[in-house]
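Quick notes on the structure that follows.
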Amino acid sequence: MKIVFLDAATLGDTSLAPIAELGELVTYPVSSPEEAMERVADAEVLIINKIKVTRELIAAAPKLRLICEAATGINNIDVSAAEERGIPVKNVAGYSTDSVAQLTWAHILSLTGQTPYYDGRVKDGTYSASGIFTDLTLDWNELAGKTLGVIGMGAIGSRVAWIGEAFGMKVVYYSTSGTSHCREYASLPLDEFLASADVVTIHAPLNERTKGLLGAGELRKMKRSAVLVNAGRGGIVSESALAEAVDSGVIAGAALDVFDREPLPADSPLLSVRHPERFRFTPHTAWASVEARERLVAAIAENIRRAP
């Protein structure tokens, strides 16, 4: 069985041994659309992460009998074309819940605790030269008693909320589907949700209900002391509106792990802000702890093993 992974670089240095044990594994760090067409010619199992699997690509793989998505979302795959050929499409869900929740809280704690600022004060010698035992030049705030607002109360949002409760926070959420299925926390209309939250964290998919959900008008409804974290999908928050809102003090800070375009373009408004100290960025890494990637590879291997 020939297994072809078209964009294996997206998993970094994670061992693919559990997959290699199942057949002849051929990996490519990245593949252009033209390269992909050639590389699937004799593939029986195709593994992709962000590569677009089009009708044309599927047609170029006459031996193909399984498509494995090395992620949860399958919007990059022409599922209808695969079904017409009788080719199953298998994804992996739940592998990154703890990873995303942990990095989300790293951002929240960094924004509210001002740790980069104080780290810099120690490292640049300012603290040593001060003559006193403490440095209180920048206020930081406790989370206990504050309100955590979660957009998207799925598995990841629920884990983030659970951690918030451990800090003594009140949790509310906004249901992007309108179903408000979670009964453990209060579901609020968007305007009320934004006005009440001290921390807003996004864990929703990008779809017709969430695209552009938070623009300049919505950001103005938040508290001036509030911070926003997006570990869901780029496009849910207007990046230009967010850059201006944080720069001008409409809200206190923001952290993003996802962006409209990835990698982030060099001319993004987020990279030319007047107050970069109010922002935290990670390059779409919240999903990718060592353990999460190992779980992902194991699950892909299991999907191949169980394929008819």
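Add +1 for every Lys or Arg and -1 for every Asp or Glu among the other residues with Cβ under 11 Å from the Cβ of residue 39, and state the total.
-4
If N is the number of residues in region 45-200, what value comes out of its Cα radius of gyration divided by 2.2 N^0.38 Å?
Details: Rg = 22.9 Å, N = 156, 2.2 N^0.38 = 15.0 Å.
Taking the Cα Rg and dividing by 2.2 N^0.38 Å, one obtains 1.53.
Based on the Cα gyration tensor of region 141-183, what are the three equivalent ellipsoid semi-axes, each the root of five times an eigenvalue, rounded to whole Å and given largest first?
They are 20, 10, 7 Å, listed from largest to smallest.
Under Stokes-Einstein, with the Kirkwood radius over Cα pairs standing in for Rh, what whole-number D in µm²/s applies to the chain at 4 °C and 1.567 mPa s?
Answer, rounded: 61 µm²/s.
If you project the alpha carbons of region 156-308 onto the principal axes, what extent comes out on each, in Å, largest first?
For region 156-308, the Cα spread along each principal axis is 56, 42, 32 Å.
Cα centroids of region 195-257 and region 58-134: how far apart, whole angstrom?
After rounding, the separation between the Cα centres reads 18 Å.
Could you give me D for region 46-136, from Stokes-Einstein at 10 °C and 1.306 mPa s, where the hydrodynamic radius is the Kirkwood radius over C-alpha pairs? Units µm² s⁻¹, please. Can you show the working numbers first?
Values: Rh = 17.3 Å.
Estimated diffusion coefficient is 92 µm²/s.
For residue 222, what accessible area in Å² do you get when you roll a 1.4 Å probe over the heavy atoms of the protein chains, rounding to the nearest 10?
Approximately 10 Å² for this residue.
Between helix 290-305 and the chain, what is the angle of the helix's C-alpha long axis to the longest principal axis, kept within 0 to 90° and rounded to the nearest 10?
20 degrees
As a test question: what accessible area, to the nearest 10 Å², does residue 295 have when a 1.4 Å probe is rolled over all protein chains in place?
Accessible surface of residue 295 is approximately 100 Å².
How are the Cα pair distances of region 112-238 distributed, in percent, across 5 Å bins from 0?
2, 10, 19, 20, 16, 11, 8, 7, 5, 3, 1, 0
How much length is gained on full extension from residue 221 to residue 126, taking 0.36 nm per residue of separation minus their Cα-Cα distance?
30.5 nm
Tell me the volume per residue, in Å³, of the convex hull enclosing the alpha carbons of region 32-75. Each step should come with its number before you reach the end.
On the way: hull volume 2.8 nm³, N = 44.
Output value, Cα hull per residue: 63 Å³.
What does region 1-73 give for Rg and for Dmax, in Å, if only its C-alpha atoms count?
Rg and Dmax of region 1-73, Cα atoms, are 11.2, 31 Å.
With springs only between Cα atoms under 10 Å, which of 27, 126, 97 fluctuates most in a Gaussian network model of the chain?
It is 126.
Using the beta-carbon distance between residue 187 and residue 208 and R0 = 25 Å, what value does 1/(1 + (r/R0)^6) give for FRET efficiency, to the nearest 0.05? Working shown, then result.
On the way: r = 20 Å, r/R0 = 0.80.
Efficiency, rounded to the nearest 0.05: 0.80.
In square angstrom, what is the accessible area per residue of the chain with a 1.4 angstrom probe?
49 Å²
Where Rh is the Kirkwood radius over the Cα pairs of region 269-308, the temperature 37 °C and the viscosity 0.692 mPa s, what D in µm²/s does Stokes-Einstein return?
247 µm²/s
Given an 8 Å cut-off on Cα distances and at least 6 residues of separation, report the relative contact order of the chain as a percent.
Details: 553 pairs, mean separation 51.9, N = 308.
So the answer I get is 17 percent.
The values are calculated or read from the model by the stated rules, or taken from the named source; none is laboratory data. Note that the coordinates shown come from a computational prediction; the quantities given were computed from them, not determined experimentally. Quick reminder, even Gly has a Cβ in these numbers, built from the backbone with ideal geometry, and neighbours come from all protein chains shown. Keep in mind that these areas ignore ligands, DNA and RNA; they rest on the heavy atoms of the full protein, side chains included. Shrake-Rupley method; radii C 1.70, N 1.55, O 1.52, S 1.80 Å.
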